[in-house]
Amino acid sequence: MNATAAFCPATVDEVVEAVRAAPRVIPIGARTKPRLSAVDAQAISTRRLTGWVEYEPSEYTFTALAGTPIREIREVLAERGQHLPFDPPWSESGATLGGTVAAGCSGPGRFRFGGVRDFILGVRFVDGAGRVLRMGGKVVKNAAGFDLPKFFVGSLGRWGVLVELTFKVFPRPDATRTLDLGVEGFADAMQVLGEMSVNRWEPQAMELLPCGHRLLLRLAGPEGSLQPLADEILRRWPGQILDPQQASALWSDLAEFRWAHPDGVLLKVPLTPDLVPALARVIEGAGDVRMQIGAGGNVAYLSSGSDTSSAALLSGLRELGLVGLALRGQGPLWWGDRPVTGVESALRQALAADDRFPELDA
Amino acid sequence: MPKDRLHELAALLPPERWLTRPEQLAAYESDGLTAYRKRPVAVAIPESTDEVVELVRACHRAGIGFVARGSGTSLSGGSLPVEGGVVIALNRLNRILKLDPVQRIAVVEPGVVNSQVTQAAAPHGLLYAPDPSSQSICTIGGNVAFNSGGAHCLKYGMTANHVLGLRAVLATGECVSWGGRSRESVGPDWCGLFTGNEGLFGIALEITLQLLPKPERYHTVLAGYRTLDQAGDAVAAIVASGMLPGALEIMDALALQAASAAVHAEYPPGCEAVLIVELEGPRESVECDRLRLDAILAASQPIEMRPARDAEERLAIWKGRKSAFSAVGRLSPDFLVQDGVVPRRRLGEALRRIVEMSREAGLRCANVFHAGDGNLHPLILFDGRQPGALERAEALAGRILRMCVEMGGSITGEHGIGVEKRDFLPDMFRPEEIDCLKRIRSAFDPLEIANPGKMFPGPEAPALSRPGLHPLEAAGVISRE
Ligand SMILES: Cc1cc2nc3c(=O)[nH]c(=O)nc-3n(C[C@H](O)[C@H](O)[C@H](O)COP(=O)(O)OP(=O)(O)OC[C@H]3O[C@@H](n4cnc5c(N)ncnc54)[C@H](O)[C@@H]3O)c2cc1C
């Protein structure tokens, strides 16, 4: 797989050449989610395709090349008091903007205002025939044309090479507080999450740590407003406010998936909070599987440490009708039955993706 | 249209739900863009999603064009009937199938009216965020097709940001189901691609929407300014402050005049522009932001600042805002609404140029806009009885749209291309990009039977007729934003 060295185009023209130079290609970023690009195809790396195209803080938008590291984007936005509210993961590990879009990965902050799909505004990409196309727009609101930018979220590099992306950003809240609440396992945690989700506090993020007994909650807003909110929550549930250093270490551990088996399989499984207790039982029975529940119970990240536990996990997911996507590790890309439609192959043809990029199932 | 090809469709429904008599068809001849009219061959009124699927499959077999129709409030001719085609009217598919307060989702049929979702969610302390001005009448199916917006888009996004799952019948007759109840997903975002398709991909049958907790506290302020520029500067200052208001809206003098006449809204005397700012969230954070906002607004030298003291006053502010456009109907026999977007920092410049261009065209133009999004809604007033007036109004509208594109914006923020702006698509996209959009369309609809003649520039020019108020607007049921 990817036996030959990756092409490393430094310009969009070079990306076009690279796409045309091999019968089957796959774009790669920093490979923080290596399973997604572990296919038999010539890799086109966006490593040299980095930098800012436009950033106008007063517009709440920026445009950058696809290989630009998320870390750099966060730093520059932070200097101007702005951020991508969905906390793109793996930024310390070098994740790129394009890779984040293609992988469709959002972090804890997606709970309040949505994920990558909700902040992407425009794309420039090279299709399978080597055409350079721009879709979407560069302003915060635009309804012209089909929303191909959203479609590229989760496209796994199978539909075109993203070369440039435009995003909407938000002002960074003045202050944050991280609350660490004690819960009695997954079922109890989901109860707390349920109540939290409809209450007045408007938390930005709600994550259950892999141990299943600690619920991390992030409040954000004007400095003066947070203490009373935190106090009220702590009167309702046992817990504590973490000091900023502790908090940022925990959030960083989550964002970098340090809790996962380093060489094991890592799956992303979208679900709803009501399914979490059943999935927790599967995990218990499977052996060496760790689970982290994110986005207020809307996603499970599962890390399996052995082949036997993986097999048990797969059958458990099937039983629950869940579908997982493998971000890291050996084994299939899709865990469970990915729904396939007829229009999918028609659209692959339309973007000339069918003969240039690997199948979505590869 | 040969009768035998239609026969198969007609056989799918009882005669009272298959309309073909001219007097029955008249109500479906146009949508919110009343300048265009076309009589459909027939109107089908399905009562179940199975019937919709059968109708679409029969259209596909017979190669008959169709347009899905919700409430017909599209402002760009999206639901204008298609040449030789049928209208599939979805209003009877109006059930909220599920409202789950724990998962915070609603599963609805396409004919459910936008504000019904909001109302159903309210008792659970939840909210359906997208709030187009037509919310009391437009359908979720129409909102999905047009990725409709509203007054709270900067913070909450458009319809697409709230669609979690979709079941649809594509123009090929294929039934698909994408996404689901989770807020997260894996694989390409098909729901995102389908939303905003302008009826060109197929018909949405069942839509799963996310609901949000209703903000505990609102703080809504109306500030009157001597000049539009001052109002624009205030917006810039608010944006620069790092606050994220739920809404930032501006109305100009002519729009104010209209609103005062229509809903007896009273605005500070002597003001040329009014800014509406809304903060929302937990009471503690609204209180903090409110102090900052007061300081910023005070520094912006308004003639007067009027914070809403209670829910009733807040609603009154919004009523004036949301009725502004239909109110303009009182100032002029006819008007055209535009929907261009410009980068926010160029709003002032855009407005000045609109004033100049209107003066040159000898037409009056009222402005109401989503200042936070840079989304302009210039309203061009004219008298359709005067020869050439409509053409002059359209020419002015065209100049405004081209200016938006030149400034780096868009020809539409939320009303869609439809039939109205299809000739402007090439201003936004290069030929190979339009070609790509067409290829995407063909993947969903190779026969081009779903809403043909829309979005893409084409030879068939639909019949222009006399514009005016939407019948429901004239009756005061809805207003235009
Ligand atoms: C007074 C007034 C105020 C308005 N204010 C706003 C506003 O603030 N913001 C905004 O964004 N828009 C606004 N609009 C525009 C309009 O209301 C929206 O575009 C709305 O979404 C249309 O809904 P509808 O049910 O009337 O759809 P229709 O006009 O009936 O149809 C619109 C399009 O959707 C397609 N369609 C309908 N149902 C389906 C379905 N189930 N599946 C697939 N396609 C379907 C149709 O084919 C058509 O192309 C306003 C319109 C008016 C008249």
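FYI, it's all coordinate maths here, none of it is from the lab. Source: prediction; values computed, not measured. In this analysis, Cβ positions are derived from the backbone assuming ideal geometry, glycine residues included, and neighbour counts consider all displayed protein chains.
Descriptive notes on the structure:
- Listed residues A:G145, A:G287, A:G329, most fluctuating in chain A (Gaussian network, C-alpha, under 10 Å): A:G145
- 10 Å Cβ neighbours from other chains, averaged over peptide B:435-441: 6
- Shielding of peptide B:235-242 by partners, expressed as the average count of other chain Cβ atoms within 10 Å per residue Cβ, is 3.
- Using just its DSSP H runs of length 4 or more, each adding -39500 (n - 2.57), the protein assembly as shown gives a mean residue ellipticity at 222 nm of -9500 deg cm²/dmol after division by all residues.
- Whole-Hz couplings from phi, Karplus 6.51/-1.76/1.60, listed for the stretch B:31-39; x for Gly and Pro: 10, x, 9, 6, 5, 10, 9, 7, 8
- Remark on the protein assembly as shown: ratio of C-alpha radius of gyration to 2.2 N^0.38 Å is 0.92.
- Whole-Å distance, taken between Cα centres, linking the stretch A:168-238 and the stretch B:265-287: 30
- The spread of Cα positions in the stretch B:217-327, taken along each principal axis and listed from longest to shortest, comes to 37, 28, 18 Å.
- Residue by residue along A:220-230, Cβ atoms of other protein chains within 10 Å of the local Cβ number 5 on average.
- Taking other Cβ atoms within 10 Å as a rough exposure proxy, A:W259, A:W251 sort from fewest to most as A:W259, A:W251.
- Max mean-square fluctuation residue, GNM over chain A, Cα-Cα springs under 10 Å, options A:V340, A:V163, A:V15: A:V340
- Chain A: C-alpha gyration tensor shape, a/c 1.5 cut-off, then a/b vs b/c: oblate
- Set A:K150/B:K454; A:K138/B:K38; A:K168/B:K319 screened for pairs whose C-alpha atoms are more than 24 Å apart: A:K138/B:K38; A:K168/B:K319
- Between the stretch A:284-362 and the stretch A:59-124, the Cα center-to-center distance that results, in Å: 23
- In the stretch A:265-331, one over the average inverse separation of all distinct C-alpha pairs is 11.5 Å, which is the Kirkwood hydrodynamic radius.
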